[in-house]
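One structure is given here, and the rest of the page talks about it.
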């Protein structure tokens, strides 16, 4: 992530989108406001770049985690949840900014929402396969997907890297929670 985006992400995390000024970002980076505008059209453009940087590797990692599990939906879900939980703990500050996308203009918001949707579709496809195979007990895969992703996204709001849990410990706990919520055997997904 560029120096601009790194400083901007800290400012957005500390003050939110509306509480952060372009002048504050420029001051943190050590450049003038016009120099900042050379790289990004406006504050919204900076937020979009931060959000895209935060989510850029989430889908490829999730896809790799699912592929690594072979044809077993329980292992696929365990791997996918682990990859998401690790993402939102290791990058908690960035992951917490996801909710700021609500401040984007409608056209820009749609583009970012598409990136988020691809991650949602990956999880839903695993849940649907597990339901079809009878290893998940779910009546509405789309609703289950939203519930699990909401629970996972919430980690970034409370996780503290100086706290008692490591990212791996959080991931392990959330794998168990998610598999339990789906009515799946929890040990099989982690062995």
- Message: Could you check the stretch 5-25 and list, in sequence order, the residues that are free of Cβ contacts under 8 Å to residues at least 60 places away in the same chain and either under 21 Å from the mean Cα position of the chain (by Cα) or in the same structural domain as residue 156 (by TED's automatic domain parsing) (or both)?
- Response: 5, 6, 7, 8, 11, 14, 15
- Could you identify the single residue in 128, 100 that is surrounded by 15 or more Cβ atoms within 10 Å (Cβ to Cβ), farther than 24 Å from residue 76 by Cβ, in contact (Cβ under 8 Å) with a residue 12 or more places away in the chain and not assigned by TED's automatic domain parsing to the domain that holds residue 16? 100
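Between 113, 171, 154, which is surrounded by 19 or more Cβ atoms within 10 Å (Cβ to Cβ), part of a helix (DSSP H, G or I) and either in the same structural domain as residue 72 (by TED's automatic domain parsing) or modelled with pLDDT under 95 (or both)?
Going through 113, 171, 154 in turn, just one is surrounded by 19 or more Cβ atoms within 10 Å (Cβ to Cβ), part of a helix (DSSP H, G or I) and either in the same structural domain as residue 72 (by TED's automatic domain parsing) or modelled with pLDDT under 95 (or both): 171.
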- For residue 95, indicate whether it is part of a helix (DSSP H, G or I), touching a residue at least 12 places away in the same chain (Cβ under 8 Å), crowded, with 21+ Cβ neighbours inside 10 Å and in the same structural domain as residue 148 (by TED's automatic domain parsing). yes
- Hey, residue 183 in contact (Cβ under 8 Å) with a residue 12 or more places away in the chain and on the phi > 0 side of the Ramachandran plot or not: yes
- Item | Single residue of 126, 137 found to be part of a loop (DSSP other than H, G, I, E, B), more than 24 Å from residue 96 (Cβ to Cβ) and out of contact with any strand residue (DSSP E or B) (no Cβ under 8 Å at 6 or more places or on another chain) | 137
- Residues of the stretch 98-110 satisfying the condition of being part of a helix (DSSP H, G or I) and more than 12 Å from residue 54 (Cβ to Cβ): 102, 103, 106, 107, 108, 109, 110
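Conditions (1) free of Cβ contacts under 8 Å to residues at least 12 places away in the same chain; (2) surrounded by 15 or more Cβ atoms within 10 Å (Cβ to Cβ); (3) closer than 16 Å to residue 149 by Cβ, marked per residue:
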position: 27; (1), (2), (3): yes, yes, no
position: 33; (1), (2), (3): yes, no, no
position: 41; (1), (2), (3): yes, no, no
position: 60; (1), (2), (3): yes, no, no
position: 67; (1), (2), (3): yes, no, no
position: 75; (1), (2), (3): no, yes, no
position: 81; (1), (2), (3): no, yes, yes
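The values are calculated or read from the model by the stated rules, or taken from the named source; none is laboratory data. Small disclaimer: the values here were computed from a predicted structure and weren't measured. When we count neighbours, we look across all protein chains shown, and the Cβ atoms used for this are built from the backbone with ideal geometry, even at glycine.
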